Amino acid sequence: MELPEFAPGLSARVELTVTDADTAQSLGSGDVPVLGTPRVLALAETATVAATARQLPGGVTTVGSRAEIEHRAPTLVGRRVTAQATLTKVDGRKLLFEVAVHDGETLVAEVRIERVVLDRQQFIARALGD
């Protein structure tokens, strides 16, 4: 597998309008009706996938391998949050991202995500035990 070329600075932005399904109550991560930490992480990962998608050749993908999250502020249902992912380091097949999640001007979360570039079919075969 030939590795695609990724350069630090690569970025993407995604948005989410918070619904009841996104709350800590609904996700089982707490008992409050605000944006749940698991949904913040999923949104951050979506932004990292979007950042790399245009440069991945057929048969190649990335998978999340490590994440660290600082969930700093609550977000109410109905609010729109944005996640801005920026590739900060490339280490062979490892891609390191910093993601900032905002509700307007408020910093909701800072997330560090590591993704690994790999062959999609080999990965699926390994998961199936082939």
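Laboratory data are not the source of any read-out in this text; all were calculated from the coordinates shown. It should be emphasised that the depicted structure is a prediction, and the values quoted were computed from it without experimental measurement. No Cβ is skipped: glycine too gets one built from the backbone with ideal geometry, and neighbour counts run over all protein chains shown.
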*Expressed in nm to one decimal, what extension gain is obtained for the pair GLU110 and LYS94 from 0.36 nm per residue of sequence separation less their Cα-Cα distance?*
3.8 nm
_Relative contact order of the chain, defined on C-alpha pairs under 8 angstrom at six or more residues apart (%)_ = 29
*asked:* Using 0.36 nm times the number of residues separating ALA53 and ALA21, minus their current alpha carbon distance, what extension gain do you get?
replied: 8.9 nm
_Explain nothing, just the number: dipole magnitude of the chain about its Cα centre with +1 on each Lys and Arg Cβ and -1 on each Asp and Glu Cβ, in debye rounded to the nearest 20._
200
*Report, in cubic angstrom per residue, the convex hull volume of the C-alpha atoms of region 11-128.*
112
*Using label points projected 7 Å from each Cα along Cα→Cβ, tell me how many nm separate LEU76 and ASP130, to one decimal.*
5.1
*Most exposed first by the Cβ proxy, i.e. fewest other Cβ within 10 Å, how do LEU41, LEU35, LEU56 rank?*
LEU56, LEU41, LEU35
*Binning every alpha carbon pair distance of region 8-55 at 5 Å from zero, what are the percents per bin?*
5, 23, 24, 17, 13, 10, 7, 2, 0
